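The values are calculated or read from the model by the stated rules, or taken from the named source; none is laboratory data. Every value quoted in this text rests on a predicted model; they were computed, and no experiment measured them. In this analysis, Cβ positions are derived from the backbone assuming ideal geometry, glycine residues included, and neighbour counts consider all displayed protein chains. Ligands, DNA and RNA are stripped out before the accessible areas are found, and what is left, the full protein with its side chains, is counted by its heavy atoms. Shrake-Rupley method; radii C 1.70, N 1.55, O 1.52, S 1.80 Å.
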Amino acid sequence: MKMKSKILTFIIFALFFSSCANYVNVNANYEKALIEKKCDEQFFSDNLKKIKQNDDVIYTGLNVGLIARNCGDFNLSNVFFDAAENAYKYDVDLKSTGKKAINLIGSTFFDDNILDYDGSLYERIMLNTYKALNFMSLNDYENARVEFNRALMRQDKAKEYFAKEIEKNRADLDKAKEDKNYDKNMLENKKDIEEKYNSLFKEFNTTKEFINPYATYLASIFFFMDKDYRKAADLFKEVSVIYPKNLSIKKQAKIFNEYANKFKIKNEKKYIFVLYENGFSLSIDEFKLPIPFTIDGKIIFSSIALQTLKKNASSYPYLLVNNVKTDEFVNLDDIIATEFKINSPQMITKALARAIVKTTINIAVAKNDSDSGLLSFATALINDANNNADVRSWRGLAKSVSVAVLDNKGFITVNDENNNLLFEQEINKNKNVILILRSFAPYLPLNTSIIER
């Protein structure tokens, strides 16, 4: 009875623990704070406390950092982004073997929601990209250069990163192989689930390789504005190869090549580089499937929770800047879907391995629970409560980006596709300008950021 009492105490604790965070609501609150420009001091103070308490630092830092950026507080934005990046370095990239083992055990008996958020490669690249833009807005080009170089380095490390992800999940596969019904419980179920995902991936233009041309594009503009014309042109070649028919890309490539190949430039023309960030990117959702497992010669159905991708609405299809239409440049949803597709086999393996372990425990408990059936009922209850996919992500990133490049004539006017005026402002015609336009939805105000140099 004493042992049974201890088990029940553990189960009650675990049920409470598993219900502490509803990340669907937290994601929605971050989106709301972003579009409503929640810029009050208390909001940021509360989230800084979470950072100092080491409370899911990456998840908090990414989301609140973008909210602060949207409020125009670039220093505060980088405080949150720095916290997220430090957590990447020390809590993710340099995670000790012991901590990895503890995480593996925890996520086997519960779900990934009990662990701190690790983030995605796409998010890491965008973190350094937005930190760089923040530094440019603060006229700190030295640190901006560091951040763009980091973003480009993360792109180069993409293949190595995915190799590590495969290795990290190998322990789940090895655990599953201990099951004598491995072929049925793991391989056949995995194949069935992957077929269901194939219909999802048909909606996106995914590739076998992972690249984020938006980061490369922004870095090339930075180096151009910092008068490192050769590097700007070299980087832009990577973008031109991917988008050979985009008129704005063609025009910009010509400008960058002219500057890179001139020994001395007289009467430099000044340009406006327009970046229109449209709508909300894909969010992570979950779906649950009943899966048949063969254990002790019996077929037992168990439910597993898996991540899926949820499309979100776009805003204006394009904008008119000084009567020039922005050209569609990159679909960021496709980049997210590509990374998701690359990671999906390991995600499925982990979910199946977890389900096999839980189902086996359920059967063992049921066999030894000869009294009231309370233990087997409670064990089934805890498994159900912890059968949730991790839906955390960096909410607020754009769905797609369109671009334009214009001669700087000292003013900016922005209109929608129906020629309604959304924004106008005079600018210094003797400087190069980055104009970042962010629209979450057509019925919400357009957010603008102007960087001059």
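Please indicate, with yes or no, whether at least one residue in region 39-49 is buried (at least 18 other Cβ atoms within 10 Å of the Cβ), farther than 20 Å from SER120 by Cβ and modelled with pLDDT of 95 or more. Within region 39-49, one or more residues are buried (at least 18 other Cβ atoms within 10 Å of the Cβ), farther than 20 Å from SER120 by Cβ and modelled with pLDDT of 95 or more.
Here VAL241 clears all of (1) surrounded by fewer than 18 Cβ atoms within 10 Å (Cβ to Cβ); (2) closer than 27 Å to TRP394 by Cβ; (3) hydrophobic (A, V, I, L, M, F, W, C) except the condition numbered (2). The residues of region 311-330 that are in a strand (DSSP E or B) and modelled with pLDDT of 95 or more, listed by number, are LEU320, VAL321, VAL324, LYS325, ASP327.
All told, ASN246 falls short of being open to solvent by less than 80 Å² (accessible area, probe 1.4 Å), farther than 30 Å from ASN22 by Cβ and without any contact (Cβ under 8 Å) to a residue 40 or more places away in the chain. Among the residues of region 398-453, those that are over 32 Å from the mean Cα position of the chain (by Cα) and surrounded by 17 or more Cβ atoms within 10 Å (Cβ to Cβ) comprise ASN408, ILE427.
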